[in-house]
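Chemist: Okay, here's the structure, questions in a sec.
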Amino acid sequence: MRTSRPDPLRAGAQVYSKSNLKSMKLNFIEEIRAIFEQAKNWAQLEVEYAKLTLAEKVTMLLSALVLGFVCLLLTIVVLILLAFALSEAFRLIMDPALAYLSSAGCMLVLLGLVFLLRRPLLLNPFSRLMTKVLFDKKH
């Protein structure tokens, strides 16, 4: 004679009553809701962190730009005063008109040097500053 084996799926299903399954389903749904609430809270915190980080980076960048602008203005004033001093020094050995032209020529040579060396003098430091401000994570 053949003995019939019980179906393992039905045997397991008979262990749980309908009320037990209903409470498990409700618990599962509540756990899913709690996970979604935690995920929503985490996403809000990440957005706030990103906003604060952006504000910090923009503040650092603007302060560096303002400082650079002030230094540029002071450098221009110093160069103007040096040009007048150079002109006065040249006036001792030549005509005043030629002294001012010689001073202007020296300033043009200086401007040409700055133009030729613009990459190591201006572009590389500015790109390092931007990289440091935007991608530095040592805070």
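Chemist: Among the residues of segment 85-125, which ones are over 19 Å from GLY68 (Cβ atoms), part of a loop (DSSP other than H, G, I, E, B) and either within 46 Å of the chain's Cα centre (by Cα) or charged (D, E, K, R) (or both)?
Modeler: Result: ASP95, single match.
Chemist: Yes or no: SER63 out of contact with any Gly (no Cβ under 7 Å at 6 or more places or on another chain) and touching a residue at least 12 places away in the same chain (Cβ under 8 Å)?
Modeler: No.
Chemist: Next question, about the same structure. Identify, by number, the condition in (1) exposed (fewer than 10 other Cβ atoms within 10 Å of the Cβ); (2) within 30 Å of the chain's Cα centre (by Cα); (3) assigned to a helix (DSSP H, G or I) that LYS137 doesn't meet.
Modeler: It is condition (3) that LYS137 fails.
Chemist: What is the number of the single condition among (1) farther than 25 Å from PHE126 by Cβ; (2) surrounded by 10 or more Cβ atoms within 10 Å (Cβ to Cβ) that LEU110 does not meet?
Modeler: Just one mismatch for LEU110, condition (1).
Chemist: Something else now. Give all pairs with beta carbons closer than 8 Å in which a residue from segment 21-34 that is part of a helix (DSSP H, G or I) meets a residue that is at pLDDT below 85; count only pairs at least 6 apart in sequence or on separate chains.
Modeler: MET24/TYR16
Chemist: Could you give me the residue pairs with C-beta distances under 8 Å whose first residue belongs to segment 42-58 and is at negative phi, whose second residue is of a type outside the set (Phe, Trp, Tyr) wherever it lies, and which are 6+ apart or on separate chains?
Modeler: Pairs found: GLU56/HIS139; LYS57/VAL133; LYS57/LEU134.
Chemist: A follow-up question, please. Can you tell me how many residues in segment 13-46 are at pLDDT below 90 and among the aliphatic types (A, V, I, L, M)?
Modeler: Summing the residues that are at pLDDT below 90 and among the aliphatic types (A, V, I, L, M) in segment 13-46 gives 5.
The values are calculated or read from the model by the stated rules, or taken from the named source; none is laboratory data. All figures in this text were calculated on a predicted structure; none of them were measured in a lab. Glycine also receives a Cβ, built like all others from the backbone with ideal geometry; neighbour counts cover every protein chain displayed.
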